[in-house]
Amino acid sequence: MESQLIIPIVTGIVSVIAGLLLGRIFGKNSKAKIEEAETKAVQILEDANLKSENLKKERLLEAKEKFVQLKAEHDKEILEKNRKINDAENRSKQKEQSINQKTEQLDKQIKENESIKDHLNRQIEVVNQKRTELEKHQEEHIRKLEKIAGLSAEDAKAQLIESLKQEAQTRALSLQQEIIEEARQKANKEARKIVIQSIQRTAAEQTIENTVTVFQLESDEIKGQIIGREGRNIRAIEAATGVDLVVDDTPEAIILSSFDPLRREIARLSLQRLVSDGRIHPARIEEVVEKTRKQLEEQVVEIGERTIIELGIHGLHKELVRIVGKMRFRSSYGQNLLMHSREVANLCGIMAAELGMNPKLAKRAGLLHDIGKVPDEETELSHALLGGKLAEKYGENPAVVNAIAAHHDETEMQYVISPIIQACDAISGARPGARREIMQQYIQRIKDLENLAMTYNGVEKAYAIQAGRELRVIVEADKVTDGESEKLSFEMAQKIQTEMTYPGQIRVTVIREKRAVNVAR
């Protein structure tokens with residue numbers, strides 16, 4: 001506010017000075033003008049002082065008004081806070097009074113409960129006394145009855161229970177037979193119709209899987225290249241693939257013999273590449289067999305994907321797709337496992353549709369019901385239980401898991417589709433000529449031979465060849481010495497002789513090969 005007063009004063013002074021200067025310049029000799037100018041200057045100064053005083057008063061008034069307004073607002077806030085504090089104090093007092101009232105009520109209840117408890121204790125004592133007296137009377141009564149009847153209470157109770165149990169069992173069996181007979185009469189006709197329709201709508205060729213594959217040659221001269229000098233090539237092929245090569249007088253043909261279709265396929269494809277290339281020697285044989293094995297793994301996945309697409313099954317885990325593809329190279333009692341599973345899937349889908357159930361779920365369970373027959377590792381579980389565990393591991397529907405695990409009655413059937421899977425599996429396997437029991441027994445004996453050899457330390461590979469008449473075992477040279485190889489061969493032969501049943505003789509051949517490999521750079 002002082003700065004606002006200074007401005008007009010300064011303005012007046014400047015005006016005076018300007019007037020003096022102008023007076024001196026234009027009228028130095030004119031005193032009248034000077035006096036007039038001085039008078040005006042004095043007047044301007046007085047006006048400036050008057051204006052400054054007025055402005056000062058106005059500012060003071062504004063400041064006082066502002067102070068009064070702020071003081072009123074402050075007082076209002078203080079009043080509001082005091083009101084809230086008073087309300088809070090009133091509420092706390094009310095709560096305190098309520099708590100005191102409840103405390104008094106609780107004290108009264110506690111006293112009443114104590115009195116009731118004392119009364120109950122007295123009543124319990126009276127009841128216990130009466131119970132003791134009653135038990136004594138009952139014992140006396142039972143002793144009198146036993147004396148009259150000649151039986152103890154326990155014997156009489158046992159006889160009564162036994163007679164009631166027999167009567168209830170007889171009635172239950174009679175009622176059960178009536179219900180079963182009635183249900184059988186109603187269900188037989190419909191079930192026969194559904195099964196016949198399912199079989200008629202699924203036509204599948206049945207061929208028995210063999211354990212040999214014939215590899216055709218362009219000429220007999222190639223047989224010499226395959227055999228190699230002193231038979232080294234044929235030995236390398238047999239060691240790498242686990243397949244027995246039979247080179248006899250059959251014109252332009254070599255027989256590949258093995259119980260495992262996957263091994264035979266690897267050997268056939270490897271021979272085909274070697275013959276086409278013309279370079280046949282042990283190192284090349286191992287390289288080609290390894291490449292063929294990897295390519296066949298890819299082919300297995302393609303077979304699985306094609307199968308699920310043809311059956312209209314979606315969302316199958318990639319590992320289950322691979323297992324389905326491996327079924328193409330497995331057989332069950334001489335019946336190709338993939339063809340059997342496809343047929344069961346189709347039968348399940350048709351039968352489920354006829355019964356008004358979910359055909360896609362039934363078809364899925366039918367395709368996967370035998371996945372336990374192609375495990376990557378040997379296990380003591382049956383194929384049904386192992387298949388159920390694999391399906392559960394890879395996130396299949398619980399109904400599918402139960403249908404797989406229960407299709408040989410090794411676990412309880414919990415879903416309606418489980419008996420459908422079991423029935424369709426029996427339909428597929430019971431066709432005339434579909435399976436051959438003797439073949440499966442032979443394959444199992446061959447597998448047991450190889451598994452027995454793999455239980456020994458240092459064994460790298462084990463192959464049963466010559467139709468199971470020879471067990472060829474390849475050991476790791478770093479872990480097994482020459483002397484230990486002879487001992488290992490003897491021990492295996494003794495174990496086979498004591499633990500297995502087989503026709504004829506089995507020769508155990510242990511092969512130990514030391515290789516030194518370096519790379520020139």
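The table that follows gives values for the structure above.
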| read-out | value |
| --- | --- |
| Low-density loop positions, GluC sites (Glu not before Pro), segment 348-381 - DSSP coil, at most 15 other Cβ in 10 Å | E377, E378, E380 |
| Coarse-grained scattering of segment 240-351 at q = 0.15, 0.16 Å⁻¹, given as base-10 log I(q)/I(0) from a Debye sum over alpha-carbon atoms | -0.76, -0.83 |
| Theoretical gain in end-to-end length, K389 to R122 [0.36 nm per residue, Cα-Cα removed] | 89.8 nm |
| For segment 360-408, alpha-carbon Rg relative to the globular expectation (2.2 N^0.38 Å, N residues) | 1.01 |
| Residues K165 and H141, FRET efficiency given R0 of 25 Å [Cβ-Cβ distance, rounded to 0.05] | 0.40 |
| V301 accessible area, assembled protein chains, probe 1.4 Å, Å² | 50 |
| Dipole of segment 267-401, positive direction: furthest Cα of P375, N346, L296, with charges on the beta-carbon | L296 |
| Qualifying lysines (Cα of each under 22 Å from Cα of K64; at least 8 residues distant if same chain) | K51, K56, K76 |
| Cross-link partners of K393 among lysines (Cα-Cα below 20 Å; sequence separation of 8 or more within a chain) | K318, K326, K363, K373 |
| Segment 286-381: proportion of alpha-carbon pairs further apart than 16 angstrom, % | 58 |
| Cβ-Cβ FRET estimate between R521 and E290, R0 fixed at 25 Å, reported to 0.05 | 0.60 |
| Kirkwood-type radius of segment 472-521, with distances r between different C-alpha atoms, in Å | 12.7 |
| Contour minus Cα-Cα distance for R131 and D107 (0.36 nm per residue) | 5.1 nm |
| Simple label model, 7 Å out from Cα along Cβ direction - E53 to Q94, nm | 6.3 |
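The values are calculated or read from the model by the stated rules, or taken from the named source; none is laboratory data. All figures in this text were calculated on a predicted structure; none of them were measured in a lab. For neighbour counting, all protein chains shown are included, and Cβ atoms are generated from backbone atoms with ideal geometry for every residue, glycine included. These accessible areas exclude ligands, DNA and RNA; they are computed on the full protein's heavy atoms, side chains included. Shrake-Rupley method; radii C 1.70, N 1.55, O 1.52, S 1.80 Å.
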